[in-house]
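Accompanying notes for the structure given below.
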Amino acid sequence: MRIVVAEDLYLLRDGMVRLMEAYGHQVVATAATGPETLDALLTWRPDVAVVDVRMPPAQSDEGLRAALDARREVPGLPVLILSQHVEQLYARELLADGAGGIGYFLKESVFDADQFIDALERVAGGGTAMDPAVIGKLLSAGPSNRRLAALTAREHSVLGLMAEGLSNQAIGRRLFLSESAISKYTTSLFGKLGITDDDNSNRRVLAVLAYLNSP
């Protein structure tokens, strides 16, 4: 994959570059400020970008806003937000276009290189990879959704794990259920959410976006 890394802390930025290259990926550009991030994203149009939220010059939300601006120019540009903070308003805006290719992880939640690279590859493929802590923050502050209210407790559990980017097989292992049982739950929740797209991968993305970005 061709990757842009946007992180203002040198040691963390350099460490991510080395990690990605060790897994055979190419880091085509790095950025240390919000304006540099937007420029790199639009210039290189990478397969995926890793972007911090709070970056110079103001150390507020420059990185996340750069990602939003880039996705307006390049719809569906895959972005994995990696931050110490959950910016709920902008995170919801990032999810609102319905295009997928979105991830949001807290730095403190990344404990394993394989886990991080797997999340990066899912986002590059147009999927989602959401930190459970980020999911919790978004849901606690989000508006109600009548269609989501129609889901059973088990369907909510399946959809929450789907938002983390887990496959049906992985969800089944987590919930101690068979893969066929998870498939039945996903089919049911797709129906309740009114998602009729024939492409299963796209249905998963649409379901996750409905879950995290209630209208």
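The values are calculated or read from the model by the stated rules, or taken from the named source; none is laboratory data. Nothing here was measured: the structure is a model prediction, and the numbers come from that model. Reconstructed Cβ throughout: ideal geometry from the backbone, glycine too, with neighbour counts over all protein chains shown. Accessible surface is based on the protein model in full, side chains and every heavy atom, while ligands, DNA and RNA are left aside. Shrake-Rupley method; radii C 1.70, N 1.55, O 1.52, S 1.80 Å.
Observations, loosely collected:
- Based on Cα contacts under 8 Å between residues 6+ apart, region 14-113 shows a relative contact order of 22 percent.
- Cα gyration tensor shape for region 51-153, rounded if a/c is under 1.5, else prolate or oblate: rounded
- The 3J(HN,Hα) values that the Karplus relation (6.51, -1.76, 1.60; θ = phi - 60°) gives for region 42-55 are, in residue order, 6, 6, 8, 6, x, 5, 6, 10, 10, 10, 7, 7, 9, 9 Hz. Gly and Pro appear as x.
- Peptides 11-21, 123-133 ordered by average Cβ neighbours within 10 Å, highest first: 123-133, 11-21
- Once the chain from Y23 to L11 is taken as fully extended at 0.36 nm per residue, the excess over their C-alpha distance is 2.5 nm.
- Cα-based shape type of region 1-92, given that a ≥ b ≥ c are square roots of the gyration tensor eigenvalues and the cut on a/c is 1.5: oblate
- Karplus 3J(HN,Hα) series, Hz, for region 23-36 with 6.51 cos²θ - 1.76 cosθ + 1.60 (x for Gly, Pro): 8, x, 9, 10, 8, 7, 6, 10, 9, 10, 9, x, x, 4
- Normalised contact order of the chain, rounded percent, pairs of Cα under 8 Å and 6 or more residues apart: 15 percent
- Solvent-accessible surface ranking, highest first, for K107, K184, K137, K192 at 1.4 angstrom: K184, K137, K192, K107
- Label assignment, Cα Rg over 2.2 N^0.38 Å derived from the structure, set (1) 1.15; (2) 1.25; (3) 1.00: (3)
- When the solvent-accessible area of region 1-136 is split by element, carbon and sulfur atoms take up 52 percent of it, the probe being 1.4 Å.
- Computed 3J(HN,Hα) for region 148-155, one whole-Hz value per residue from the Karplus formula 6.51 cos²θ - 1.76 cosθ + 1.60 where θ = phi - 60°, is 5, 5, 7, 6, 6, 4, 5, 5, glycine and proline marked x.
- Highest-fluctuation residue, G100, G76, G63 considered, GNM on the chain with Cα pairs under 10 Å: G76
- Remark: region 2-140 carries 43 Å² of accessible area per residue (probe radius 1.4 Å; ligands, DNA and RNA excluded).
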